[in-house]
1. With springs connecting C-alpha atoms under 10 Å apart, model chain A as a Gaussian network and identify which of A:PRO68, A:PRO256, A:PRO217 has the largest mean-square fluctuation.
2. Running a GNM on chain A with Cα contacts under 10 Å, which residue among A:SER28, A:SER324, A:SER138 ends up with the highest mean-square fluctuation?
3. Collect residues whose amide H, placed 1.01 Å from N in the peptide plane, falls under 5 Å from the amide H of A:ALA237; neighbours closer than 5 in sequence don't count.
4. Work through the residues other than B:ARG127 whose Cβ is under 15 Å from its Cβ and net out their charges, Lys, Arg +1 and Asp, Glu -1.
5. Regarding segment A:24-93, what whole-number volume in Å³ per residue does the convex hull of its Cα atoms give?
6. What list of ³J(HN,Hα) couplings, whole Hz, do you get for segment A:268-278 from phi and the Karplus terms 6.51, -1.76, 1.60, once you set θ to phi - 60° and write x for glycine and proline?
7. Cα to Cα, under 28 Å, and not fewer than 8 places away if on the same chain: which lysines meet these conditions relative to B:LYS7?
8. Kindly flag which residue pairs out of A:LYS52/B:LYS32; A:LYS19/A:LYS193; A:LYS51/A:LYS99 have an alpha-carbon separation exceeding 29 Å in this structure.
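Just so you know, all these numbers are worked out from the coordinates, no wet-lab data involved. Computed from a prediction, not measured in an experiment: that's the story for all the values here. Neighbour counts are summed over all protein chains in view; Cβ atoms, including those assigned to glycine, are modelled from backbone coordinates with ideal geometry.
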Amino acid sequence: MMPTATAKPSTQTAPWTKKDLLGLRELSAGEIRLLLQTAESFREISLRPIKKVPTLRGKTVVNLFFEPSTRTRTSFELAAKRLSADIVNIATQSSSLSKGETILDTVKNLEALKVDVLVIRHAAAGVPHLIARHATSSVINAGDGSHEHPTQALLDLFTIQERKGRLEGLNVSIIGDIAHSRVARSDIWGLTKLGARVTVCGPPTLMPPQIEQLGAPGAGGAGVRVTHNVDAAIRDADVLMLLRIQHERQESMLVPSLREYRLRYGIDRDRLKGAKPGLLIMHPGPVNRGVELDSAVADGPFSVILDQVTNGLAVRMAVLYLVSGAPKGDEDEG
Amino acid sequence: MIAFREKAKVMDAEALRRTVVRIAHEILEHRKGTGQLALVGIRTRGAILAQRLAKAIETIDGRAVPVGILDITLYRDDLSRVAPNPVVHATEIPFDVDDLHLVLVDDVLFTGRTIRAALNALSDLGRPKTIQLAVLVDRGHRELPIRADYVGKNIPTHLREHIEVRFNELDEAEEVVIEEPAANGGAA
């Protein structure tokens, strides 16, 4: 191994020129740093007595959610409102999509109403990308299938950086249902691009093949380390990210039972005895208390789960601000 | 990009230092001391200037004055006209502005649009008793009904010219210069 005497600046940001935010895979380390730095500046606004700035006055943001969501949708809604944008919420249950309209027709109709930003969540991977190719308005991916959830990963990066002062060289272990997690994929891209080392841990049935090749090449060469042993994932970790185990996984027999999952992979206080001091416990929510995470840990001193929620608002304000300022119209696809 | 070249140096380090001391005296004279007084500098050079003014006031009066930093990017009226959006920095005002006598500090007063944005930003933070404006240079060409209460130097300029304020903290120089377009400098 080479000695770690690298003098390259890790605070370099790159200007934002993208119309859309589709995933962290498409972003450079400099663009991710700019997003994090901008979010830092926006955080103070939510601490004011008047939590509002006029920046996006006159812009219209549409939350177009084809999948149920409370926290992400609310976070985007408040972010838009604190920037003085107007926001419309469309849930598929109440829209013409249930009458058979295609997604692109829905988008074309919204664009005919002169909206500026579309925030899209869909159960299928790639839908925001498809829409972005056909829309002149900005598209923000709020989660597409098991593919990416960039704003969640950005708020994770932000929270780690806030607590640890850096991302470079940290060991981050992601534990749980890696196969079905868009959060894990976006986190792997973001963390590896900013120089953190990522370990993924979970039952073999919930571990996608070739996951170790995902992400930017790290200091050690490989992208991601894979383990099925949760104690090994905890041992060197500076950060533990727990993922939600969905009850459907038990029904589809990927996990024998939630009780067995808890015994093998659940995080409780005993399991953290050998952990590094200052370990951070993170979870994208909603938490299955007593399955992937015990209440004593979720509410314990290492937990930054609610910081993640607070920071998510600042991150989404930053994303709305930056995509709104990007040049619009006939751009080439990158 | 048009290249600019230096036309004249209008202030050197010593003139800058004396001007800051004079404005500090004027503020103290007008406010009759430092009671309920606070300075708010507009990023980036206004913030440096506010720090210097606070230091000068403390030297003269023996009492520290709170200083805040205001970033007006989010209040600009030209956001939809510049792309990409400018980088946002944090506003750091570590005191409650309600009922204070604020002095807003900036380096150059030009169109007045920055000050308009700053006034809106301040009113979102609370309700100061009064707001006054201190600037190092007033170069004219106002586009809004705004004037400064404390002026370091009035410098009549042409619209095409630039005023460059350089502070050691950022620029490794301590001066104010007028610059003009280099391309047809003689044809003006």
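1. Fluctuation is largest for A:PRO256.
2. A:SER28
3. A:LYS276
4. Working: positive: A:ARG48, B:LYS129; negative: B:ASP96, B:ASP98, B:ASP99, B:ASP124.
Counting the neighbours of B:ARG127, the net charge comes to -2.
5. Numbers: hull volume 8.2 nm³, N = 70.
Taking only Cα atoms, segment A:24-93 has a hull volume of 117 Å³ per residue.
6. Working through the residues one at a time gives 10, 5, 4, 5, 8, 4, x, 6, 5, x, x Hz.
7. B:LYS153
8. On the way: A:LYS52/B:LYS32 35 Å; A:LYS19/A:LYS193 21 Å; A:LYS51/A:LYS99 39 Å.
The answer is A:LYS52/B:LYS32; A:LYS51/A:LYS99.
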